[in-house]
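Asks: Quick one: the structure is below, questions incoming.
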Amino acid sequence: MKNLFHLLKRLFHFYYDGFRNMSLWGRKVWIIILVKLFIMFAILKIFFFQDFLKKHYDTDKQRSEYVMDQLIN
Amino acid sequence: MIENVDLTLVDWSRAQFALTAIYHWLFVPLTLGLSFIIAIMETIYVRTGREEWKKITRFWMTLFGINFAIGVATGIILEFEFGTNWSNYSWFVGDIFGAPLAIEGILAFFLESTFVAVMFFGWNKVGKKFHLTSTWLVAIGANLSALWILVANSWMQNPVGMVFNPETARNEMVNFWAILFNQVAVDKFLHTISSGFLLASMFVLGISSWFLLKKREELMAKRSILVAGIFGLISSLTVAYTGDGSARTVSKVQPVKFASMEALYEGKTNAGLITFGVLKDTGRKIGEKSVKEFAFKIEIPGLLSVLTSGDRDAYVPGITDHISGNAKMGILPVSEKIQKGTFAKEVLTDFTRARMVNDTQQVHNIKSVFNDKDFQKNYFKYFGYASIERPEDIIPSVTISFYSFHLMVVLGFLFILIFALAIHLLFKGTISENRWFLRIALLSIPLPYIASELGWILTEVGRQPWIIQDTMTVSKGVSQLNSGSVIVTFILFATLFTILLISEISIMTKQIKIGPKH
């Protein structure tokens, strides 16, 4: 248990120091990553990319019936 | 039927997916190749202990980091589009797509959160060997991550290892290994990753040439050219070899795409390989599609027959063979495939009716038909043909297929020449003086990107009208959305990705100008 705690503490410091001592380009790309992920998941996914079948049908049975209808008609 | 489908919706949905995939693919191949080049450089550092190699490794690692960070997760947008714009297709493919993509997602997450962090944060904090192992694991992991995406794409080109379940309207995986070792997947994986290695090698060669032109960091530039030249030459030869294997597989599983790649309308024995050609309209038509011919061509007689079958006298079927059929070659006419597909669709319609009236016996009987190998092989295999209205609808754009294929091949041979020259000049000790070569190498950086995108354009345009070869047409796979909303997201993506690309080029250029610091 003590060893696990020590390992977790070392891991935390590894990432903490890494981020704290990050170069300028590193900081810039992290900002880009965060903005990109925000746009993708908080804007695009929620407002523009809802799952078509989940949005229109409540159960898998209804979804399969809809797709079947699309396939044969 | 096709005439009932909003073609604007289909076209915009295709354009949106193409745009996203093309932009995504601007980031991926550099990650695939540069990770290996860095691993090779770091290996030299660990083995020799020479600090200059550490400095070289860290410089290219910086550029790798910028590309990796900006490109990361851009592929997730493709998954969004599957659920929103291609919902029928996504449902129909069932777990065939889900399993490889889930493996890819898990792999990417663990890779990115652990070993990439060690690569960047671990210098002087972990042991040399552990750091080197992490770098190799990032390279191997990134390429394995690509494997699963390519396995999923290959299944669309050559659907194997599944059975359609009429109760759920989904395909179910019955043989994971058949999907993983699908010949198209094996060829595509080897061809794609080796093209990524080539692209990254040209990137390193071009930037190193810039340093030599500027008379800066000459030792680093020459060392980098040594690694990139050798790795690039091996990769470009591998690309040519795997490309040949890939084309041979296409000739078997997607013969219409293959005939379109060569603009081969009439099948023949002793068929020649077109090394260069210019197409023009003949004024003739197959149905409503115009037939092309060569205004000019350079052809190697018999080579196409040899490449496809290993025999100069082998018959290579043309587009008309696939439209009208060729009994001697065992090729069914499209009209017969339409009949078979229509029969499969009628069986599916009967199943739906039986289920609606709760005729359990009939449901049971028809379900067993779907598990019957003869029905799968001779009827359901052609299910997509039920949506084909005119035989000529199965012909993709011959112009796009032909030019994308041939330009890619020409560029491929040019890359071999450039890497061979780089090694020759480097060993001769005159690379710095040959400024013409350095300029060519620098200007060649975009060419592998173009070749790589052309490869994907050929893959995807060449398989039209299918979203899943012979089984589902693109128009059947699309979601019934308002085409206006697809246009809006197309513009959003074009803007977002262009900003990301400009950011990448801008940050990368700045870092290159700064040069190695450590």
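Asks: Roughly how big is chain B's charge dipole about its Cα centre, with Cβ charges of +1 (Lys, Arg) and -1 (Asp, Glu), in debye to the nearest 20?
Replies: That gives chain B a dipole magnitude of about 1920 debye.
Asks: If you don't mind, another one. Rank by packing, highest mean first: peptides B:164-174, B:51-61, with packing defined as the count of other Cβ atoms within 10 Å averaged across residues.
Replies: Ranked by mean Cβ neighbours within 10 Å, highest first: B:51-61, B:164-174.
Asks: A further question on this structure: Compute from the Cα atoms of the range B:102-245 the Rg and the Dmax, the latter being the longest Cα-Cα distance, and quote both in angstrom.
Replies: Every Cα atom of the range B:102-245 included, Rg and Dmax give 19.8, 69 Å.
Asks: Now for a separate question. For B:LEU496, what is the net charge nearby, where nearby means another residue's Cβ is under 15 Å from its Cβ and Lys, Arg count +1, Asp, Glu -1?
Replies: So the environment of B:LEU496 carries a net charge of 0.
Asks: Here's something else I'd like to know. By average Cβ neighbour count within 10 Å, what is the ranking of B:283-295, B:179-191 from highest down?
Replies: By packing density, highest mean first, the sequence is B:179-191, B:283-295.
Asks: I need the fraction of alpha carbon pairs in chain B separated by more than 40 Å, rounded to a whole percent.
Replies: Of all Cα-Cα distances in chain B, 29 percent exceed 40 Å.
Asks: Let me know the whole percent of all Cα-Cα pairs from the range B:1-105 that are separated by more than 25 Å.
Replies: 44 percent
Asks: According to the Cα gyration tensor, what semi-axes, each the square root of 5 times an eigenvalue, does the equivalent ellipsoid of chain A have, listed from largest to smallest in whole Å?
Replies: Rounded to whole Å, the semi-axes are 45, 21, 9.
Asks: Determine the alpha carbon to alpha carbon distance for each of B:LYS125/B:LYS513; B:LYS188/B:LYS214; B:LYS188/B:LYS292 and list only those over 32 Å.
Replies: B:LYS188/B:LYS214
Asks: What is the range B:210-315's relative contact order, in percent, from Cα pairs under 8 angstrom and six or more apart in sequence?
Replies: After rounding, I find 22 percent.
Asks: While we're on this one: Work out the FRET efficiency for B:GLN480 and B:VAL278 from their Cβ-Cβ distance, taking R0 = 56 Å, and round it to the nearest 0.05.
Replies: Step by step, r from the Cβ atoms, then E = 0.85.
Asks: Would you work out the relative contact order for the range B:264-396, in percent, from Cα pairs under 8 angstrom that are 6 or more residues apart?
Replies: Rounded, it is 23 percent for the range B:264-396.
Asks: Would you tally the net charge around B:ALA247, using a Cβ to Cβ cut-off of less than 13 Å, leaving B:ALA247 out, and scoring K and R as +1, D and E as -1?
Replies: +1
Asks: Something else now. Of B:SER154, B:PHE59, B:PRO29, whose Cα points farthest to the positive end of the dipole of chain B (charges on the beta-carbon: +1 Lys, Arg; -1 Asp, Glu; origin at the Cα centre)?
Replies: In chain B, that residue is B:PHE59.
Asks: I've got another one for you. So if I take the centroid of the Cα atoms in the range A:17-49 and the same for the range B:422-452, what is the distance between those two points in Å?
Replies: One Cα centre to the other: 35 Å.
Asks: Report, as an integer, the average count of C-beta atoms from other chains found within 10 Å of each Cβ along B:486-495.
Replies: Across B:486-495, the average partner-chain Cβ count within 10 Å equals 1.
Asks: On to the next question. What is the mean projected area of the alpha carbon convex hull for the protein assembly as shown, to one decimal in square nanometres?
Replies: If I average the Cα hull's projected area over directions, I get 30.7 nm².
Asks: Another one. For B:LEU212, what is the net charge nearby, where nearby means another residue's Cβ is under 9 Å from its Cβ and Lys, Arg count +1, Asp, Glu -1?
Replies: Counting the neighbours of B:LEU212, the net charge comes to +3.
Asks: Among A:TYR66, A:PHE49, A:ILE32, whose Cα sits farthest toward the positive end of the charge dipole of the range A:2-72 (+1 at Cβ of Lys/Arg, -1 at Cβ of Asp/Glu, about the Cα centre)?
Replies: Value: A:ILE32.
Asks: Can you give the charge dipole size of the range B:386-518 about its Cα centre, rounded to the nearest 20 debye, using +1 on the beta carbon of Lys and Arg and -1 on the beta carbon of Asp and Glu?
Replies: Roughly 760 debye for the range B:386-518.
Asks: A follow-up question, please. Just the number: Rg to Rh for the range B:264-396, Cα atoms, Kirkwood Rh, two decimals.
Replies: 1.16
Asks: Just to compare against my own numbers: the Cα pair-distance distribution for the range B:434-518, 10 Å bins, whole % per bin, please.
Replies: Going out from 0 Å in 10 Å bins, the range B:434-518 shows 13, 22, 32, 18, 12, 3 percent.
Asks: Treating only the Cβ atoms of Lys and Arg (+1) and Asp and Glu (-1) as charged, compute the dipole magnitude of the protein assembly as shown about its Cα centre; round to the nearest 20 debye.
Replies: Using Cβ point charges on Lys, Arg, Asp and Glu, the protein assembly as shown gives about 2680 debye.
Asks: Ordered by packing density, taken as the mean number of other Cβ atoms within 10 Å over each peptide's residues, highest first, how do B:147-154, B:239-246 rank?
Replies: B:147-154, B:239-246
Asks: A follow-up question, please. I'd like to verify something in chain B: which complete DSSP H helices, judged by Cα projection on the helix axis, reach 27 Å or more and average at least 1.0 on the Kyte-Doolittle scale?
Replies: Those that pass (Cα extent of 27 Å or more, hydropathy at least 1.0) are B:7-48, B:183-213, B:398-428, B:483-514.
Asks: With each label point set 7 Å from Cα along the Cα-Cβ vector, what nm distance links B:LYS129 and B:GLN362?
Replies: 7.1 nm
Asks: Hey, got the average number of other protein chain Cβ atoms within 10 angstrom for residues in A:19-26?
Replies: What the average comes to for A:19-26 is 4.
Asks: With point charges of +1 on the Cβ of Lys and Arg and -1 on the Cβ of Asp and Glu, referenced to the Cα centre of the protein assembly as shown, which listed residue (B:SER432, B:THR360, B:PHE176) lies farthest in the positive direction of the dipole?
Replies: Of the candidates, B:SER432 comes out farthest on the positive side.
Asks: Across peptide B:71-82, what mean number of C-beta atoms from other chains lies inside 10 Å of a residue's C-beta?
Replies: Mean inter-chain Cβ contacts per residue within 10 Å come to 3.
Throughout, read-outs are computed from the coordinates displayed, never taken from laboratory work. The model shown is predicted, which means the values in this text are computed figures rather than measured ones. Methodologically, a virtual Cβ is constructed for each residue, glycine included, from the backbone with ideal geometry; neighbour enumeration extends over all protein chains shown.
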